[in-house]
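Visitor: Just dropping this structure here.
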Amino acid sequence: MKIRIVVALSIALLCSGGVLAQAEKQVIAIRGDVGAINKAARTYKKKIKMVEGVSLEGTEASYFTSRAGELKKITAKMYGETFNGSAELYYKGGELIFCYIKINKYDTQIGMTPPPKVVRVEEERYYFGNGELIRVLAGKKEIKPGDERYGELKDGTLELTKTLKEAF
């Protein structure tokens with residue numbers, strides 16, 4: 001009986017280690033793809049648009065496409081009453097592979113005296129493989145699928161990426 005339990009636990013550990021190793025390989029490949037996209041960005045065609053429905057004070061998005069017309073990258077500057085932020089979305093083969101979001105939170109609303117100051121910076125990184133979210137980092141902390149914030153972060157990011165891509 002004890003041998004069966006040990007064997008079952010060993011198999012479970014080996015399988016989970018393989019899944020983790022596979023996800024890490026995907027993240028490394030995504031980082032390489034993002035670097036290549038950024039390196040080639042100056043050769044891409046750039047189109048700038050104002051996008052409705054992202055933030056109350058406005059969102060300006062820049063769309064980068066290859067010579068063949070394939071969407072490679074979207075950058076967005078977002079403005080709100082109590083924040084400003086940016087988002088960078090990277091695509092490979094028409095699929096989202098990486099999303100980086102940075103939000104600067106103010107101590108008060110815009111238009112106040114004295115002017116608002118940035119009191120907190122939030123950064124989030126989302127890695128996608130085969131159309132699925134494979135890793136979420138909030139700051140330096142990895143958010144796991146079982147975490148309460150995971151679903152909120154995932155849904156919010158997917159909504160943002162959908163809105164920005166549809167405006168293209």
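Visitor: Could you give every pair whose Cβ atoms fall below 6 Å, whose first residue belongs to the stretch 18-37 and is farther than 18 Å from Glu142 by Cβ, and whose second residue is of a type in the set (D, E, K, R) and modelled with pLDDT of 90 or more, counting only separations of at least 6 or pairs across chains?
Guide: Cβ pairs passing all conditions: Asp33/Lys92; Ile37/Lys72; Ile37/Lys73.
Visitor: For Thr82, work out the one condition from (1) more than 22 Å from Lys165 (Cα to Cα); (2) free of Cβ contacts under 8 Å to residues at least 24 places away in the same chain; (3) not charged (D, E, K, R) it doesn't fulfil.
Guide: Every condition holds for Thr82 apart from (2).
Residues are listed down the side, and each one gets a yes or a no for (1) touching a Phe, Trp or Tyr at 6+ places or on another chain (Cβ under 9 Å); (2) at pLDDT below 95:
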| site | (1), (2) |
| --- | --- |
| Val6 | no, yes |
| Gln26 | yes, yes |
| Lys45 | yes, no |
| Leu56 | yes, yes |
| Lys77 | no, no |
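Visitor: Still on this model: Report, by residue number, each residue of the stretch 159-168 that is assigned to a helix (DSSP H, G or I) and in contact (Cβ under 8 Å) with a residue 24 or more places away in the chain.
Guide: Across the stretch 159-168, the qualifying residues are Leu160, Thr161, Thr163, Leu164, Lys165, Ala167.
Visitor: While we're looking at this one, here's another question. For a quick check of your reading: which strands (runs of 3 or more DSSP E) sit entirely within the stretch 42-108 and have at least 1 residues that are more than 20 Å from the chain's Cα centre (by Cα) and not aromatic (Phe, Trp, Tyr)?
Guide: 45-50
Visitor: Sticking with this one: Just a yes or no: is a residue in the stretch 93-109 over 23 Å from Gln22 (Cβ atoms), β-branched (Val, Ile, Thr) and exposed (fewer than 14 other Cβ atoms within 10 Å of the Cβ)? Talk me through it step by step, then tell me what you get.
Guide: Taking the stretch 93-109 as the starting set, the residues that turn out to be over 23 Å from Gln22 (Cβ atoms) are 101-109.
Going one step further and asking which of them are β-branched (Val, Ile, Thr), we end up with 101, 103, 108.
Add one more test, that the residue is exposed (fewer than 14 other Cβ atoms within 10 Å of the Cβ), and what stays is none.
No, the stretch 93-109 has no match at all.
Visitor: Let me ask something additional. Which condition does Val121 not pass, out of (1) surrounded by fewer than 18 Cβ atoms within 10 Å (Cβ to Cβ); (2) in contact with a Leu (Cβ under 9 Å, 6 or more places away or on another chain), if it passes all the others?
Guide: Exception for Val121: condition (2).
Visitor: Test Thr157 against the stated conditions and say whether it is closer than 21 Å to Phe64 by Cβ, at pLDDT below 95 and hydroxyl-bearing (Ser, Thr, Tyr). Spell out how you get there, then give the answer.
Guide: On the way: closer than 21 Å to Phe64 by Cβ: yes; at pLDDT below 95: yes; hydroxyl-bearing (Ser, Thr, Tyr): yes.
It is true that Thr157 is closer than 21 Å to Phe64 by Cβ, at pLDDT below 95 and hydroxyl-bearing (Ser, Thr, Tyr).
Visitor: How many residues does the stretch 145-168 contain that are within 19 Å of Val27 (Cα to Cα) and over 15 Å from the mean Cα position of the chain (by Cα)?
Guide: Adding up the residues that qualify gives 1.
Visitor: Quick one: in the stretch 124-158, which of the residues that are among the aliphatic types (A, V, I, L, M) and in a helix (DSSP H, G or I) is surrounded by the most Cβ atoms within 10 Å (Cβ to Cβ)?
Guide: By that ranking, first place goes to Leu153.
Listed here are the residues, each with its yes/no results for (1) aliphatic (A, V, I, L, M); (2) within 20 Å of Glu159 (Cα to Cα).
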residue: Ile37; (1), (2): yes, no
residue: Lys49; (1), (2): no, yes
residue: Gly53; (1), (2): no, yes
residue: Ala68; (1), (2): yes, no
residue: Ala87; (1), (2): yes, yes
residue: Ile103; (1), (2): yes, yes
residue: Glu124; (1), (2): no, yes
residue: Val136; (1), (2): yes, yes
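Visitor: OK, next. Scan the stretch 104-148 for residues that are in contact with a Pro (Cβ under 9 Å, 6 or more places away or on another chain) and over 29 Å from Gly93 (Cα atoms) and jot them down. Break it down into steps so the answer makes sense when it comes.
Guide: Restricting attention to the stretch 104-148, the residues satisfying the condition of being in contact with a Pro (Cβ under 9 Å, 6 or more places away or on another chain) are 106-110, 133, 136.
Of everything in the stretch 104-148, those that are in contact with a Pro (Cβ under 9 Å, 6 or more places away or on another chain) and over 29 Å from Gly93 (Cα atoms) turn out to be Tyr106, Asp107, Thr108, Gln109, Ile110.
The values are calculated or read from the model by the stated rules, or taken from the named source; none is laboratory data. Treat the numbers as computed from the prediction; the structure is a model and nothing was measured. Here the Cβ is made from the backbone with ideal geometry for all residues, glycine too, and neighbour counts use every protein chain on show.
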